[in-house]
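The values are calculated or read from the model by the stated rules, or taken from the named source; none is laboratory data. Being a predicted model, the structure only gives us computed values, none of them experimental. Positions of Cβ are backbone-derived with ideal geometry, glycine not excepted, and every protein chain shown enters the neighbour counts. Just the protein is used for accessible areas: all its heavy atoms, side chains included, with ligands, DNA and RNA removed. Shrake-Rupley method; radii C 1.70, N 1.55, O 1.52, S 1.80 Å.
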Amino acid sequence: AWDWKGARDDVTPAVALEPNNVPVLILYAQTLFFSGEQDEAFAIDRKATTLDPLSPDAWSGLGWHYAFAGQFPAARAALQRSLEIKPDGQWPNFNMGYMDLKEGKTASASDYFRRAPVAFGTTGLAMVEYTLGHERESQQLMAELKKKYAVGFAYQIAQASAWRGDKNGAFEWLELWRNAN
């Protein structure tokens with residue numbers, strides 16, 4: 001399991017040494033967010049985007065946190081800003097696609113997933129094809145994910161498995177992911 005509070009404690013000295021270092025702030029915001037300190041994480045995220053408004057990673061981190069918090073309009077705005085700076089960003093494309101898929105916007109979701117790097121895009125497209133009732137196509141994409149990306153993308157395979165209603169497969173892949181981390 002991930003020790004977010006321990007990670008936060010490890011990153012805190014770096015923030016004290018370099019309080020305006022955007023990559024450090026991005027990491028710090030992530031540790032704060034997943035330690036349950038969401039308000040502070042959002043403040044740090046916003047500081048990072050203010051210090052470097054052209055950092056796609058700063059905007060992506062802010063958008064990711066908004067999405068996790070269920071604040072989808074704010075998430076979309078931040079992720080869109082990240083994509084304006086770096087159109088092929090993996091997390092912004094995947095997260096925008098995932099939000100669209102959850103809202104039933106399969107065409108838009110598919111567009112975002114196609115712009116994401118291959119493993120992320122394949123994960124998203126497996127979910128889109130399943131949603132559209134294309135079981136065979138979805139299964140082929142899942143087979144590709146498992147064959148090419150089992151190492152390093154177990155979480156995404158679990159996510160697609162869960163979306164497809166394969167609870168046992170989702171838990172098996174989550175266990176693989178947990179054991180690798």
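Restrict the check to the stretch 141-154 and report whether at least one residue is closer than 20 Å to K102 by Cα and at pLDDT 95 or above.
To start, the set of residues in the stretch 141-154 that are closer than 20 Å to K102 by Cα comprises 141-142.
Adding the requirement that they be at pLDDT 95 or above leaves 141-142.
Checked the stretch 141-154: at least one residue is closer than 20 Å to K102 by Cα and at pLDDT 95 or above.
Condition test on E144, is it in a helix (DSSP H, G or I) and crowded, with 20+ Cβ neighbours inside 10 Å? Against the criterion (in a helix (DSSP H, G or I) and crowded, with 20+ Cβ neighbours inside 10 Å), E144 does not qualify.
Can you name the residue in the stretch 34-79 that is farther than 20 Å from Q90 by Cα and crowded, with 22+ Cβ neighbours inside 10 Å and is also farthest from the chain's Cα centre (by Cα) among such residues? Within the stretch 34-79, the match that is farthest from the chain's Cα centre (by Cα) is I44.
Pairing residues of the stretch 136-152 that are over 17 Å from G165 (Cβ atoms) with residues that are surrounded by fewer than 12 Cβ atoms within 10 Å (Cβ to Cβ), at Cβ distances under 9 Å and at least 6 apart in sequence or on separate chains, gives V151/A180; G152/A180. Scanning the stretch 147-181 for residues that are part of a helix (DSSP H, G or I), open to solvent by 80 Å² or more (accessible area, probe 1.4 Å) and of a type in the set (A, V, I, L, M) gives L176, A180.
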